[in-house]
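See structure below.
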Amino acid sequence: MNGAEAILQCLKSEGVEVVFGYPGGQVIPLYDALHKVDIRHVLVRNEQGAAFMAGGYARATGKVGVAFATSGPGATNLVTGIADAHMDSIPVVFITGQVPHPMIGRDSFQEADVTGITLPIVKHSYLVQTVEELPWVLHEAFHIARSGRPGPVLVDVPKDIQVAKLTVPLEVASERLRGPSSGLDIDSAQLDAAAEVINASAQPTLYVGGGSLNAAAELRAFAEKTGIPVTWTLMGKGAFPEDHPLSVGMLGMHGAAYANYAITRCDTMIVLGARFDDRVTGKLATFNPEARVVHIDIDAAELGKNRIPTAPVQGDVAAALRALTVRCEPRDRSAWAKRVTDWKESFPLVAHKAMDTGEIRPQHLLDKLTQATAGRAIVATDVGQHQMWTAQFYHPAEPRLFLTSGGLGTMGFGLPAAIGAWFACPEKEVWLVTGDGSIQMNIQELAVAVIEKVPLRIMLINNGYLGMVRQWQELFFERNYSETWLHTVPNGSEVISPDFCRLMEAYGGQARRVTADADVEAAIDWAREVDGPVLLEFVVHEEENVWPMVPAGGDTGKPILEPEGGE
Amino acid sequence: MSAHNSNTECSGRPHTVSVLVENRPGVLTRVAGLFARRGYNIDSLAVAATSDPAISRMTAVVRAADEMVLQQICKQVGKLVDVISVNDHTDEAVVARELALVKVNCDENNRAEVIQIITVFRARTVDIADGEMVIEVTGAREKIDAMLRLLDKYGILEMARTGEVILARGLQPT
Ligand SMILES: Cc1ncc(C[n+]2csc(CCOP(=O)(O)OP(=O)(O)O)c2C)c(N)n1
């Protein structure tokens, strides 16, 4: 067995079923060995696509995603996807080819120091030194990617190692694997202190982040026992049922006003697997500075990074909630819950229907999508206004159905992430909600959807603009729409390019353009019935804005509400 | 009551942090890169193998505006897979030493004065040439700083410092 075969055997024993990748000179041995094992390989069209597919696969399941790329340009094309996985704590193992050891450091053809380039954006990385260490490196890479706070791990394998003969066993004793241990015991003194703070609180609010996606049942039991209202971050969406009486809404820059009121006016915030990101807190100093804070996170470094907790608890959110549910008493918090409900009624999130002209308003599309799918579909988004409308108006029934690039905010994430999610959950309905800007960042992956017969449904919200940037220009730069109009007007005439429907058809998928609100429902129904990938291009009201809004660095307790009359 | 969130200021008192790491490729870059990326200021960093060649010790003198920042530094460094342990030894019973080589401007007129300083600080003269002298001094960081202040008026031509290293006193590991 050579090193390349050993890599694949290790992947197999780690339970890998599908790998996303792209070949090149320094991974030919790996690709040569590929078909000797029972692992499906998805040939992407750009390595960035592989990185996001692996990320989408991991986001939809919590399992480790895997991407392959060759050295040099192949590896550097992964970088955005690695950074994205790092910011959102997504477990992905990236395996890259490297020039043979004797060539390293000589500026050899297609040499790039990818371990160096990615140092700040990986949980860990390896430049494999000997073929003997290969099995240990790979098993440890998977262990590190998925244990503790998950994250991306890069394994850079020089070509000479891929072809060298392996003489050591493939199995590695688990004691040899470093990285956070999973069954971490939670300090009971911390739990007692947290319970004391919670029991003493008359007006607490839960603040649920991406670290809670594996704790949905525990969260529900805890919230129901204690009667505490639940708010969530973009990454925590799905951890709590949005139709539950205790459900409040999403926090932050484009969160619901009532959710922001509930977090900034509570006396105690209970923070679960979240990190006080600036998109949630706005200006930290005004983010309810008086509130007591119970902060539960598996990553000790998050406790006190941005906000000093009254009661820090280091540990897995599910385990901590189980312990806290025992320790916390039921308490009548209905007066507080009522205040929150009143805010909800006074400052609702409005999913605008059509314009008077019949022109589509984008919020309505997401409302319709929730209705059509009953929130049971996986919905991946790209980045921009459409992402925020999806976060506001698509209501997933469970965790891991709403997939979005939160921390890095990466346009181009959506299409490959949706494809990757389908490979993880082929029995589920999968939608992509994207914008006319974002989809063009990785549009080449439509070929993968067609060739691999991925029944992906694309809701393209075409507003002609890089909408989110245009919104900022409108609100903060006196409507100076500098370089955000995608239909550039070089000499007074508007050029619409590309024709998304014909482009989809050229790739081999089906497509329909919808311009009238009256046709929305039928189009969604049609897309849900046809086989294979399908694109619905919704041409919408161009200058729609996302409301409410807390300007960057602003006061989360005082979101700007939608101007009267819906603009 | 928010934690200190501007790490970039270089104020704050120095803390000596001892980091044991696995002697693997790139480990120095990982630790040093983390300091830079998170905006923590390093005054000095000394790295070498321990009695176990598979393990290296990195001793960093870092500036932290407050206790929270220092805790952040230790927690973030502690998360690196190649890091075995991180300990802040500020205010603990430790033996601390640094070595400096200092090349000072001196001639017949002031050589005696310089030698007097050397004697007081238990430093050594390691080289003398026309118009300059190289001094070797070992000690805690403050002692070296004090000596440099005195030598400054003669004109320090060049200097090299190793950065502080420490060991905990007694049986307690560093
Ligand atoms: C890779 C990348 N480049 C630039 C940005 C900055 N950016 C954020 S939102 C946005 C506009 C997105 O436009 P579109 O995909 O059409 O979505 P819309 O906001 O119109 O819904 C831009 C350019 C980004 N987030 N990612």
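Here are a few things to note about the model shown:
- Checking A:G74, A:G81, A:G25, A:G97 one by one, the residue that is under 20 Å from the mean Cα position of the chain (by Cα) and not β-branched (V, I, T) is A:G81 and no other.
- Yes/no for A:S174 being closer than 22 Å to A:R265 by Cβ, of a type in the set (S, T, Y) and surrounded by fewer than 20 Cβ atoms within 10 Å (Cβ to Cβ): no
- Picking from residues in segment A:126-151 that are more than 20 Å from A:L8 (Cβ to Cβ) and buried (at least 22 other Cβ atoms within 10 Å of the Cβ), the one that is farthest from the other protein chains (Cβ to nearest Cβ) is A:P150.
- Residues of segment A:10-29 that are over 20 Å from A:D160 (Cα atoms) and of a type in the set (S, T, N, Q): A:S13 alone.
- Residue selected from segment B:24-42 under the condition within 23 Å of B:A96 (Cα to Cα) and either part of a loop (DSSP other than H, G, I, E, B) or free of Cβ contacts under 8 Å to residues at least 24 places away in the same chain (or both), by the criterion nearest to the other protein chains (Cβ to nearest Cβ): B:A32
- Boolean, A:S89 is under 16 Å from the mean Cα position of the chain (by Cα), surrounded by 21 or more Cβ atoms within 10 Å (Cβ to Cβ) and of a type in the set (S, T, N, Q): yes
- Residues in segment A:437-450 that are within 12 Å of A:G49 (Cβ to Cβ) and either among the basic types (K, R) or near the ligand (Cβ under 8 Å from one of its atoms) (or both): A:M441 alone.
- Positions within segment A:277-299 being away from chain B (no Cβ under 11 Å) and surrounded by fewer than 22 Cβ atoms within 10 Å (Cβ to Cβ), in sequence order: A:D277, A:R279
- Qualifying residues in segment B:43-64 (those that are within 14 Å of another protein chain (Cβ to nearest Cβ) and within 20 Å of the chain's Cα centre (by Cα)) - the one farthest from A:P152 (Cα to Cα): B:A64
- Comparison of A:T390, A:T410, A:T434 shows that the only residue that is crowded, with 24+ Cβ neighbours inside 10 Å, more than 14 Å from every other protein chain (Cβ to nearest Cβ), in a strand (DSSP E or B) and within 13 Å of the ligand (Cβ to nearest atom) is A:T434.
- Search result, residues across segment A:475-484 that are of a type outside the set (D, E) and more than 11 Å from the ligand (Cβ to nearest atom): A:L475, A:F476, A:F477, A:R479, A:N480, A:Y481, A:S482
Residues are listed down the side, and each one gets a yes or a no for (1) in a loop (DSSP other than H, G, I, E, B); (2) under 20 Å from A:V433 (Cα atoms); (3) within 16 Å of the ligand (Cβ to nearest atom):
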{"site": "A:I461", "(1), (2), (3)": "no, yes, yes"}
{"site": "A:Q473", "(1), (2), (3)": "no, no, yes"}
{"site": "A:H487", "(1), (2), (3)": "yes, no, yes"}
{"site": "A:A527", "(1), (2), (3)": "no, yes, no"}
{"site": "A:L536", "(1), (2), (3)": "no, yes, yes"}
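- Residues considered: B:I117, B:I128. Of these, the only one that is outside any strand (DSSP E or B) and over 28 Å from B:V62 (Cβ atoms) is B:I117.
- Failed condition for A:I360, given (1) within 16 Å of the ligand (Cβ to nearest atom); (2) in contact (Cβ under 8 Å) with a residue 40 or more places away in the chain; (3) closer than 26 Å to A:E445 by Cα: (3)
- The condition (being at pLDDT 95 or above, assigned to a helix (DSSP H, G or I) and over 15 Å from A:L321 (Cβ atoms)) is satisfied by just one residue among A:A217, A:A262: A:A262.
- Elements of type helices (runs of 4 or more DSSP H) in segment A:1-118, at least 1 residues being touching a Ser or Thr at 6+ places or on another chain (Cβ under 8 Å): A:47-61, A:73-87, A:114-117
- Test: residue in segment A:300-310 that is away from chain B (no Cβ under 13 Å) and surrounded by fewer than 20 Cβ atoms within 10 Å (Cβ to Cβ): no
- Residue in segment A:492-510 that is farthest from A:R528 (Cα to Cα), counting only those that are among the charged types (D, E, K, R) and part of a loop (DSSP other than H, G, I, E, B): A:E494
The values are calculated or read from the model by the stated rules, or taken from the named source; none is laboratory data. Keep in mind that this is a model prediction, so the values were computed, not measured. Here Cβ is always computed from backbone atoms with ideal geometry, including for glycine, and neighbour counts include all displayed protein chains.
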